[in-house]
Every structure is written in structure tokens, then in C-alpha cells.
Amino acid sequence: MSGTDAGAADAAHKADTGATAIGSTTTDSTAVVGAAPRRRFHFPTAILLTCAALGVAGGILLAPANWVSTLLFGGLPFVSVAIAGLWLLPSVIALRLLQRPLVGLLVGLLAGLVIVPFSGYGFGSVATNLWWAAFTELPFLFVLWRYWGTWLHYLGAIIVSVVYPIMAWASFDLGSFGLGIQIAFFAVILASCVGATALGILIADRLKKAGVGRRLPR
């Protein structure tokens, strides 16, 4: 075999080896990229236990709030919406603390299940909790849970502050009131939801500083 042929054969061998290595690297990279979304939707036991604790705490908070809201609705319906933001609180804390997809909905579900025995609405309370929790999760869904900026929490609060009065328009008979009262109704709900969101962020940040959730898997 001539030196040229030997060199060509050697070069071909190296090229084949390099191609194999590149293919292996590409495959490994693809596997890593593909695994990332799966990890984000993986719920280790520690995460589930934290969500359970937040759900129970949220249920303990919302059980009396549910009765207060029901009693106020009969005589002071506009005052009852002043505590509407409390239904966002458990989910906001969960999302801020854990920064994982769907933990807001999970905590909302668990809180709803906790208050079922103490609520006059039965499992309807679960649907109510999930409805409010969905708005805490929605802004992060828009960015596929890849960004956890504080302003997204407030965006969810603003969205629900607009949607809820529209959906509850007939229940509160808002059409029978003047424009000023209608604006005040929206303003009260907005203040309640934004205030509860700010409180949830504060609580979650304090929990982080205390070491809660610091070693949980991301």
C-alpha cells in the first residue's frame, strides 16, 4: 500500500471515528434537552409533601374565610369581595417558593379538599379553589414555566380581578348600580387580589430565607 493510500485510509478512519463521536455527542445533547421538560414536570416526594403542607394550611385559612364570604354576601355583597384575594394566597406561595409547573393548581386542589367537610358547598369548594388557582398559574403557562419573574404573579392577580367581576356580574346584580359603584367593585377586587399576591410573595420569600424549600430539587 502506498503512503498516499495509507494516509487516505488513516484519514478516513479518523473521519469515521469523529463522525461517530459527534453523533454520540448529538444524541447525548438531544437526550439532555428532551429530559429537561420531563424534569420540570416531575414531582419528587419532597415537593409533594411541601405542597400538601401548603394545601392544608391554605384550607385552614380558607375554611373560615369561606363562611365569612357567604355570610357577607347575603347582606354586604360588596364587602364580601374584599377578601376574594385570599383564594389566591396558597397557590401564590407555592409557585413563588417552589417555582415548578402546576404546583399552584395542586395546592389549590388540596386546599379545596381540606375545606370540603367544613363548607356548605361540598365539592363545589374544590372547583372554586381550582378556578382561582388557575389564574396564579396562567402567566407562567404563557412562558412555559421557564421564567419566574415577580411581575408574573401580579399579572395573574390583575387578570382574575377583571375576569371575576365580569363572570359574577349577574350574581351581584352589578347592572343595577351606577358606573361609580361598578368601578369601585372592580377596584376592591383588584386591591384584594394584588394585596393577597404581595402577601403570598412576602411569605414565600420569608420561608426561603428561613431555609424552607432551599434543598428541594429544581
Any chymotrypsin sites (Phe, Trp or Tyr not before Pro) in the stretch 121-161 that lie in a DSSP loop and have at most 15 other Cβ atoms within 10 Å would be Tyr121, Phe123, Tyr147, Trp148
For the stretch 95-218 the mean separation of alpha carbon contacts under 8 Å (6+ apart) over residue count, i.e. relative contact order in percent, is 28
Computed over the stretch 49-90, protein heavy atoms only, probe 1.4 angstrom, the accessible area per residue in square angstrom equals 44
Expressed in nanometres to one decimal, the distance between label points 7 Å along Cα→Cβ at Leu76 and Ser176 is 2.0
Expected field for Ile60, accessible surface area in Å² at 1.4 Å probe radius, rounded to 10, holds 110
For the stretch 158-209, listing chymotrypsin sites (Phe, Trp or Tyr not before Pro) in a DSSP loop whose Cβ sees at most 15 other Cβ atoms within 10 Å gives Trp169, Phe177
With a 1.4 angstrom probe the carbon and sulfur portion of accessible area for the stretch 79-135, in percent, totals 78
Sorted list, accessible surface of protein heavy atoms, 1.4 Å probe, largest first, for Ser69, Ser91 is Ser69, Ser91
Contour minus Cα-Cα span, Trp148 to Asp205, at 0.36 nm per residue, comes to 19.2 nm
Residue-normalised value, i.e. accessible area per residue, for the stretch 120-210 at 1.4 Å probe, in Å², stands at 52
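The values are calculated or read from the model by the stated rules, or taken from the named source; none is laboratory data. In this text the structure is predicted, and so the values were computed from the model without any measurement. Cβ coordinates were reconstructed from backbone atoms using ideal geometry, including for glycine residues, and neighbour counts include every protein chain displayed. Each accessible area value is taken on the protein alone, full model and side chains, heavy atoms only, with ligands, DNA and RNA left out. Shrake-Rupley method; radii C 1.70, N 1.55, O 1.52, S 1.80 Å.
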